[in-house]
1. On the basis of being of a type in the set (Phe, Trp, Tyr) and modelled with pLDDT of 95 or more, does TRP104 make the cut?
2. Quick one: SER32 ticks every box in (1) surrounded by 13 or more Cβ atoms within 10 Å (Cβ to Cβ); (2) free of Cβ contacts under 8 Å to residues at least 24 places away in the same chain; (3) out of contact with any strand residue (DSSP E or B) (no Cβ under 9 Å at 6 or more places or on another chain) except a single one, so which number is it?
3. Residue under question is LYS113, and the condition is that it be at pLDDT 95 or above and among the basic types (Lys, Arg); does it hold?
4. I need the full set of residues from the range 4-43 which are assigned to a loop (DSSP other than H, G, I, E, B), of a type in the set (A, V, I, L, M, F, W, C) and within 17 Å of LEU103 (Cα to Cα), in order please.
5. Anything in the range 44-59 that is exposed (fewer than 14 other Cβ atoms within 10 Å of the Cβ) and either in a loop (DSSP other than H, G, I, E, B) or under 13 Å from the mean Cα position of the chain (by Cα) (or both)? List them, or say none.
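The values are calculated or read from the model by the stated rules, or taken from the named source; none is laboratory data. The shown structure was predicted, so the numbers you read here are calculated from the model rather than taken from an experiment. Because the Cβ atoms are built from the backbone with ideal geometry, glycine has one as well, and the counts that use them run over all protein chains shown.
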Amino acid sequence: MELRKLQKTVVDALEDIKAQDIEVINVTQLTSLFDRVIIASGTSNRQTRALASHVQEKVRAAGGSVLSVEGEETGEWVLVDLGDIVVHLMQPAVRTYYNLEELWSSTPARRRKLIADQEAARD
């Protein structure tokens, strides 16, 4: 499946189930393993599992394939590997703790903006 179509399918599926704070990060300059990281939050274990299930369903319906899924047992952090895109579905506390946005940010300016945004959110 073409990358843009896959990305749109994933984001649309996340929006269908009311995912929060959807972030799409282009990581082509950082790794050759995949091209995008998509991070979104769910409000409960049940919602993160539902988000993962819905993403898988929509990707398969659009002609894509799901390589693997991890974390569905607990639902605190569910990872859906779609090959070119890796989707992280996390509860807000887990997302804040691991801060994947900063890890995958490619430029110092972007990292500074994320840090400033996080500090402003804490105040």
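1. Against the criterion (of a type in the set (Phe, Trp, Tyr) and modelled with pLDDT of 95 or more), TRP104 does not qualify.
2. In the conditions (1) surrounded by 13 or more Cβ atoms within 10 Å (Cβ to Cβ); (2) free of Cβ contacts under 8 Å to residues at least 24 places away in the same chain; (3) out of contact with any strand residue (DSSP E or B) (no Cβ under 9 Å at 6 or more places or on another chain), SER32 misses (1) alone.
3. Values: at pLDDT 95 or above: no; among the basic types (Lys, Arg): yes.
In short, no.
4. Within the range 4-43, VAL27, LEU30, LEU33, PHE34 qualify.
5. From the range 44-59, those exposed (fewer than 14 other Cβ atoms within 10 Å of the Cβ) are 44, 46, 57; that's our starting set.
Within the range 44-59, just SER44 meets the criteria.
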